[in-house]
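J.: Take a look at this one; I'll ask things after.
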Amino acid sequence: MRKTRILVADDFADWRSKVRGMVDHSANIVGEACDGLEAVEKAVELRPDILILDLNMPRMNGIQAARRIRQTSPSTGIVFLCENADEDIRQEALSVGHAYVLKRDANTTLLPAIKVAQAAAASDLESHISFRT
């Protein structure tokens, strides 16, 4: 069985490393990006199954990046991994992504969110879920 291919985009290297540790055995991290524009470029190049995307990044925010990635790679599942619990921002993110995970809850919710996003993207569902504790 092929491992899920994941691209991680966050402007903080510590978070990219933490995500790598959380998914290391269940997936294959195929790349990392430190800003939104780099996330778009790498998504086009690497065609990941899942993109784990921060909201607040330099050069292009996560929502803008997700919109561009959905145009070029609609089968990529998008999981937002964020510090922001604002309901309006969450709703906007979920309008272009498949899952929204708060960083404070990532240890328990990131892997289930990846599975939801992958299933939704694979079946072209308009399924969106927010993981909160």
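The values are calculated or read from the model by the stated rules, or taken from the named source; none is laboratory data. Keep in mind that what you see is a predicted model, and the values were worked out from it rather than measured. Positions of Cβ are generated from backbone atoms using ideal geometry, with glycine treated the same way; all protein chains shown enter the neighbour counts.
J.: Residues in the stretch 63-86 that are touching a helix residue (DSSP H, G or I) at 6+ places or on another chain (Cβ under 6 Å), in a helix (DSSP H, G or I) and surrounded by 24 or more Cβ atoms within 10 Å (Cβ to Cβ): how many?
T.: Adding up the residues that qualify gives 2.
J.: Given the structure, is V44 outside any loop (DSSP other than H, G, I, E, B) and either out of contact with any Leu (no Cβ under 8 Å at 6 or more places or on another chain) or farther than 21 Å from D105 by Cβ (or both)?
T.: So V44 fits the description; yes.
J.: Also, quick follow-up: So which of I69, I50, I78 ends up being touching a residue at least 60 places away in the same chain (Cβ under 8 Å) and under 20 Å from S123 (Cβ atoms)? Break it down stepwise before answering.
T.: Numbers: I69 fails: touching a residue at least 60 places away in the same chain (Cβ under 8 Å); I78 fails: touching a residue at least 60 places away in the same chain (Cβ under 8 Å).
Step by step, each of I69, I50, I78 is checked, and only I50 is touching a residue at least 60 places away in the same chain (Cβ under 8 Å) and under 20 Å from S123 (Cβ atoms).
J.: Quick check on the stretch 62-80. Is at least one of its residues at pLDDT below 90, touching a strand residue (DSSP E or B) at 6+ places or on another chain (Cβ under 7 Å) and under 18 Å from D105 (Cα atoms)?
T.: no
J.: I would also like to ask the following. I need a count of the residues in the stretch 7-26 that are in a helix (DSSP H, G or I) and not polar (S, T, N, Q). Step through it out loud before you land on a result.
T.: So the first thing to find is which residues in the stretch 7-26 are in a helix (DSSP H, G or I), and the list is 13-23.
This time we only want the ones that are not polar (S, T, N, Q), so: 13-16, 18-23.
So the count comes out to 10.
J.: While we're on this one: Scanning the stretch 1-46 for residues that are without any contact (Cβ under 8 Å) to a residue 24 or more places away in the chain and of a type in the set (D, E), which turns out farthest from A121 (Cα to Cα)?
T.: Applying the filter and picking the extreme gives D14.
J.: Can you say whether N56 is surrounded by fewer than 20 Cβ atoms within 10 Å (Cβ to Cβ), at pLDDT 90 or above and closer than 14 Å to A9 by Cα, as far as the supplied structure shows?
T.: When the stated conditions are applied, N56 passes them.
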